[in-house]
Amino acid sequence: MKETRFLFMVLLLLGVCITLNANDLTKSVQGVWTVRVVGAPYGYQDYQVTVKQVEGKSFADVKSSALNLKDQELKEVDGKLTTTVDVGESVHVVIWKEKGRIKGTADTSMGKLPIEFSRPEVK
């Protein structure tokens, strides 16, 4: 009986830690970002992304010279945010937090391309 309670407590604490980590990520990515997809074709490299939360869900508005998406839903999976964007092909995007920085990849027909996130300079 003690082992069952101990196992239940460990699973409960693990669930709380995962939830707190995911909430930390969603809070960290909120706001406006300048985003660069390294190695993407010309016209598909640079974006302005605004991440917001509405009723507990995360959404992104994505703007570039070739793309204008509103309310692209970001789903939390294994402590990462994911979405699929149609830019002439389906591109699976994964965003995570590593060593205090936001990182990501775009899984395209050209392979996985790194995504660089930075906050735009205030003028």
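If Gly88 satisfies all but one of (1) modelled with pLDDT under 90; (2) in a strand (DSSP E or B); (3) of a type outside the set (Val, Ile, Thr), what's the number of the condition it fails?
(2)
With respect to Val54, is the statement that it is at pLDDT 90 or above and closer than 17 Å to Thr26 by Cα true?
The answer is no for Val54.
Only one of (1) in contact (Cβ under 8 Å) with a residue 60 or more places away in the chain; (2) in contact with a Ser or Thr (Cβ under 6 Å, 6 or more places away or on another chain); (3) under 12 Å from Ile115 (Cβ atoms) is not met by Lys97, so which one is it?
Lys97 satisfies all of (1) in contact (Cβ under 8 Å) with a residue 60 or more places away in the chain; (2) in contact with a Ser or Thr (Cβ under 6 Å, 6 or more places away or on another chain); (3) under 12 Å from Ile115 (Cβ atoms) except (3).
Identify the residue in the range 72-123 that is of a type in the set (Lys, Arg) and over 19 Å from Lys52 (Cβ atoms) and, among all such residues, is surrounded by the fewest Cβ atoms within 10 Å (Cβ to Cβ).
Per the criteria, the residue is Lys123.
Given the condition among the β-branched types (Val, Ile, Thr), at pLDDT 90 or above and closer than 30 Å to Met110 by Cβ, answer yes or no: does some residue in the range 60-67 qualify?
yes
So, in the range 100-123, of the ones that are among the acidic types (Asp, Glu) and part of a strand (DSSP E or B), which residue ends up nearest to Ser90 (Cα to Cα)?
Within the range 100-123, the match that is nearest to Ser90 (Cα to Cα) is Asp107.
The values are calculated or read from the model by the stated rules, or taken from the named source; none is laboratory data. Since this is a predicted model, take the numbers as computed values, not measurements. In this analysis, Cβ positions are derived from the backbone assuming ideal geometry, glycine residues included, and neighbour counts consider all displayed protein chains.
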